[in-house]
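To keep things clear, I will list the structure first and then write my remarks on it.
Each reported figure results from applying straightforward, stated rules to the coordinates on display, with no laboratory input. These numbers come from a predicted model, not from an experiment. Don't worry about glycine lacking a Cβ; one is built from the backbone with ideal geometry, like all the others, and counts go over all protein chains shown.
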Amino acid sequence: MFELMRACLVVSCLVWGFPMAVAVGAEKDNAEYRVYVGTYTDGDSEGIYRLALDRSTGRLTRQGVVSGVTNPSFLAIHPNRRFLYAVNEVGKFRGKSSGAVSAFAIDGKTGDLKFLNQHPSGGAAPCHLVVNRSGSHVLVANYTGGSVASLPIAKDGRLAPAVSFIQHTGSSVLDRQQGPHAHSINLDDQNRYAVVADLGLDQVLVYQFDSGTGRLTANTPPSTTVVAGAGPRHFDFHPNHRYAYVINEINLTINAFAYDARRGVLKQLQTVRTLPAGVENTGSTADVQVHPSGRFLYGSNRGHDSIVVFAIDQNTGKLTYVEHESTGGRTPRNFGLDPAGEFLLAANQSTNSIVVFRIDPRSGALTPTGHQSNVPSPVCIKMISSVPASR
């Protein structure tokens, strides 16, 4: 079992750019993970919550919260695990139509967060962000603003003002698609291309990314179009970076793509539904993630309140249905996969709960552990080892 988990972790380290020897050693010696939870603060939530996940049992323990942070809905962790970044999903910031991105230092011993600084995201309602492999920039997608931006990161983790900004234009066929809505931004493993799922345009756009300057420029071709009214939301690369997947919020489907890493080009392979056969298309999807091993794909359904599981054919990238598993709550948003691929943590926004599932390493199927934690309005979950990374 350990050798399988180790293999999964090695793949994950290669994909995300962590120093492999440090990461593998840390996981071997580490009995728990630090879990950071982004939330909406327009209700009972205070900000970003920190929990501990026991690797032997799946038990979650609340350990702290950083308060005074407005709508830190989505999080990203620096490759060195010393810094955390959060969007501030608001429509106005410093009197302008913009949200913000906030930077925090992670205490290596305790995992506590210390606020560093904050800068405008360039567009209203930022909803997703990513840190590039070298840790030099944060890239952010602005939903209401329909735009993307790149912000430099200093050596001390602080953010500088955006050095690149691109405003999307256009529309699609539905009322909620009368303008662009950039919903996620992801980088390939070489940090050469940034991929943006735009719900309003029914497009998955690709940008060339210069990790030295932070500049984003349209690729050739600039995008791949999905079926009208699909509403692409979140995106994830397969660890081998030959395949990629986008989950469509509106028509509750997932598109599988072949990915040409040299040219940054996506080619559609397959479309699958995220709901069980015979179930009416109601509700919406939220997140999609590939297991660290590259063998399974998971997607969340709001309304049906489930995680759908697919097996991935390693030779073709195509998906085969495995199961649906109830999330044990309502309105699942993002979910967390731990670095070794042992657990899935589902964030149920409407029932204020994070529910823990164990992953079968052979089939990818989910089994409830019986453990959960109450967190107000959880949206995003990020996990790291509690052993500090090298400085």
Q.
I'd like to check something: does segment 276-283 contain any residue that is without any contact (Cβ under 8 Å) to a residue 40 or more places away in the chain and either closer than 17 Å to Ala182 by Cα or β-branched (Val, Ile, Thr) (or both)?
A. yes
Q. Does any residue in segment 306-328 that is under 28 Å from Ser353 (Cβ atoms) and touching a residue at least 24 places away in the same chain (Cβ under 8 Å) come within less than 7 Å, Cβ to Cβ, of a residue that is among the aliphatic types (A, V, I, L, M) and assigned to a loop (DSSP other than H, G, I, E, B) six or more places away or on a different chain, and which pairs are these?
A. Val309/Ala365; Val322/Ala365; Glu323/Ala365
Q: Answer with yes or no whether Asp188 is loosely packed, with under 15 Cβ neighbours inside 10 Å and charged (D, E, K, R).
A: no
Q | In segment 179-222, residue nearest to the chain's Cα centre (by Cα) [restricted to those that are of a type in the set (Gly, Ala, Ser) and closer than 21 Å to His238 by Cα] | A | Ser184
Q. Just to be sure, is Val196 free of Cβ contacts under 8 Å to residues at least 60 places away in the same chain and crowded, with 24+ Cβ neighbours inside 10 Å?
A. yes
Q) Any chance segment 250-267 includes a residue that's under 15 Å from the mean Cα position of the chain (by Cα) and of a type outside the set (A, V, I, L, M)? A) no
Q) So which pairs qualify, if the first residue must be in segment 204-225 and touching a residue at least 60 places away in the same chain (Cβ under 8 Å) and surrounded by fewer than 19 Cβ atoms within 10 Å (Cβ to Cβ), the second must be in a loop (DSSP other than H, G, I, E, B) and of a type outside the set (Phe, Trp, Tyr), the Cβ gap must be under 6 Å, and the two must be at least 6 apart or on different chains? A) Ser211/Asn132; Ser211/Ser134; Ser211/Ser136; Ser211/Asn191
Q | Residue satisfying all of: in segment 274-322; assigned to a loop (DSSP other than H, G, I, E, B) and among the hydrophobic types (A, V, I, L, M, F, W, C); surrounded by the most Cβ atoms within 10 Å (Cβ to Cβ) among these | A | Leu275
Q.
Going residue by residue through segment 42-55, is there one that turns out to be closer than 20 Å to Leu345 by Cα, in contact (Cβ under 8 Å) with a residue 12 or more places away in the chain, over 14 Å from the mean Cα position of the chain (by Cα) and in a loop (DSSP other than H, G, I, E, B)?
A. yes
Q | Among the candidates Phe335, Phe310, Phe357, Phe343, residue that is under 20 Å from the mean Cα position of the chain (by Cα) and farther than 29 Å from Ala86 by Cβ | A | Phe310
Q) Among strands (runs of 3 or more DSSP E) lying entirely in segment 179-270, which contain 3 or more residues that are farther than 23 Å from Thr282 by Cβ? A) 182-187, 193-198, 203-209, 216-225, 232-237, 253-260
(Q) closer than 19 Å to Cys380 by Cβ and in contact with a Leu (Cβ under 8 Å, 6 or more places away or on another chain): which single residue out of Gly317, Gly336, Gly299 fits that description? (A) Gly336
Q. Within segment 333-391, how many residues are more than 17 Å from Phe310 (Cα to Cα) and assigned to a loop (DSSP other than H, G, I, E, B)?
A. 16
Q. Looking at Gly229, Gly146, which one is touching a helix residue (DSSP H, G or I) at 6+ places or on another chain (Cβ under 8 Å) and at positive phi?
A. Gly229
